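Here's the structure, in structure tokens; my notes come after.
Here, each number is a calculation from the coordinates, and none is a lab measurement. Only a predicted model underlies this, so the values are computations on that prediction, with no experimental measurement involved. Ideal geometry is used to build each Cβ from the backbone, glycine not excepted, and the neighbour counts take in all protein chains shown.
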Amino acid sequence: MDHTLHTPLNEVELTDDVLDGATIYGPNDEKIGHVSEVHGAGASAQVVVDVGGFLGIGAKPVAIPARDLSFMRDDEARVHAVTRWTKDDLKAMPEHRH
């Protein structure tokens with residue numbers, strides 16, 4: 001997927017309503033997780049990404065600052081993000097607890 005053709009989200013769009021369920025792609029364009037929660041809004045929001053697992057079972061939730069992900073919309077208006085982290089990098093992060 002060529003993410004350079006997608007429309008970046010602005011800071012006002014970094015909310016739970018917009019980001020919930022967004023797919024996260026790693027540096028090699030592989031799917032590495034999805035957004036399960038958003039705490040706060042805008043650039044200071046924390047995004048909880050579920051990494052690994054199968055059909056939502058066994059996934060590890062990790063919290064990442066929204067500003068560390070590049071959120072955008074594709075040509076079908078689906079929201080997703082790109083990160084420099086790999087799936088292994090995210091799995092190595094501390095588990096997010098409520």
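Values for this structure:
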item	result
Of the GluC sites (Glu not before Pro) in the chain, those whose Cβ has at most 12 other Cβ within 10 Å and which sit in DSSP loop	Glu30, Glu76, Glu95
Exposed trypsin sites (Lys or Arg not before Pro) absent - longest run of the chain, DSSP non-H/G/I/E/B, at most 15 other C-beta within 10 Å	1-77
The chain - percent relative contact order, Cα under 8 Å, separation 6 or more	29
Globularity index of the range 7-92, i.e. its alpha-carbon radius of gyration over 2.2 N^0.38 Å	0.99
